[in-house]
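Undergrad: Input: one structure, supplied below.
The values are calculated or read from the model by the stated rules, or taken from the named source; none is laboratory data. Fair warning: this is a prediction, and the values are worked out from it, not measured in the lab. Backbone-built Cβ (ideal geometry, glycine too); neighbour counts: all protein chains shown.
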Amino acid sequence: MFDSGFGGLTVARAVIDLLPGEDVVYVGDSGRYPYGPRDQEEVRGFAHQIARYLLDEHDVNLLVVACNTAAAAALDDLAATLPVPVVGVIEPGVRSMVKVTQTGRVGVIGTVGTIGSGAYQRAVEATNAPVELTLAACPGFVEFVERGELRSDQVHVLAQWLLAPVVEAKVDTLLLGCTHYPFLARTISDVVGRDVVLVSSADETAFEVARIVGVRHDRVGRHRWLSSGDCAWFREMGRRLLGPEIDEVEPVTWA
């Protein structure tokens, strides 16, 4: 699986917990984060490059695009061209969101690239669920997570400003449409209200992986962690965000 940095660790945590017998190779492309403000074509190129690396160098038999921005830009392309199953984080999260809502007023927050792509609008429409959708782009959230600032006054003020549309829409369910955002769940909940259900796509994505590969109990999976940025920082932050499974972090460079 791969992400622009630390966000996909929410998905990795869910996959490791649900599928302890599976080997996991995780690439955090933190040398090129954030993906959100980048052009979709550039993000699509990154996604294909990382996917090809994981197939050629690690012989993976399933790819998880654990990044909403990359999934919005490249999931269909990857699924059509790669010889292995490809799982994204958008559709699983949407399915969970429309199941949870009681009022039909739902919200999705994500990066500028994800929200601007229309991927969530299309995914919600595909469910045919009778919901009213409010979307809000949240530039800056990813950078706070990548710096480890999860509860600062600055991120709280930013959240109050960026989340105003979903507060005004009186949503009862809010999908965190970026895998970084669950790390800011307490701040987000403080702003939108504790009665609003926050939905993360991590667990639903793990269930989708389990549906494809099955659950095995005959072995303990191995985990490898790679970063295109500062490996020491990735290890320090990764252990805080995911846990002790992140021991050694290997460098990866792009041609």
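Undergrad: Select, from E22, E41, the only residue that is of a type in the set (D, E), out of contact with any Ser or Thr (no Cβ under 8 Å at 6 or more places or on another chain) and either outside any helix (DSSP H, G or I) or modelled with pLDDT under 95 (or both).
TA: Answer to the check: E22.
Undergrad: Here is a list of conditions, (1) of a type in the set (G, A, S); (2) more than 30 Å from L18 (Cβ to Cβ); (3) out of contact with any Leu (no Cβ under 7 Å at 6 or more places or on another chain), and A123 meets all of them except one; can you say which number that is?
TA: Here A123 clears every test but (2).
Undergrad: Checking R38 against (1) more than 28 Å from A185 (Cα to Cα); (2) surrounded by fewer than 24 Cβ atoms within 10 Å (Cβ to Cβ), which single condition isn't satisfied?
TA: Among (1) more than 28 Å from A185 (Cα to Cα); (2) surrounded by fewer than 24 Cβ atoms within 10 Å (Cβ to Cβ), R38 violates only (1).
Undergrad: Mind listing whichever residues of segment 149-206 are among the hydrophobic types (A, V, I, L, M, F, W, C) and in contact with a Pro (Cβ under 6 Å, 6 or more places away or on another chain)?
TA: L176
Undergrad: Could you list all residues from segment 75-99 that are of a type outside the set (A, V, I, L, M, F, W, C) and not in a helix (DSSP H, G or I)?
TA: P83, P85, G88 - these are the residues of segment 75-99 that are of a type outside the set (A, V, I, L, M, F, W, C) and not in a helix (DSSP H, G or I).
Undergrad: Cβ-Cβ distance below 6 Å, separation of 6 or more or different chains: which pairs start in segment 155-177 with a residue that is over 20 Å from E91 (Cβ atoms) and end on one that is surrounded by 20 or more Cβ atoms within 10 Å (Cβ to Cβ) and polar (S, T, N, Q)?
TA: Taking only residues 6 or more apart or on different chains, the pairs are V155/T187; H156/T187; A159/T187; D172/T101.
Undergrad: What do you reckon, is E22 surrounded by fewer than 22 Cβ atoms within 10 Å (Cβ to Cβ), under 22 Å from E143 (Cβ atoms) and of a type outside the set (G, A, S)?
TA: It is false that E22 is surrounded by fewer than 22 Cβ atoms within 10 Å (Cβ to Cβ), under 22 Å from E143 (Cβ atoms) and of a type outside the set (G, A, S).
Undergrad: For segment 1-13, what are the residues that are buried (at least 21 other Cβ atoms within 10 Å of the Cβ) and either among the hydrophobic types (A, V, I, L, M, F, W, C) or in a helix (DSSP H, G or I) (or both)?
TA: Result: M1, F2, F6, L9, T10, V11, A12.
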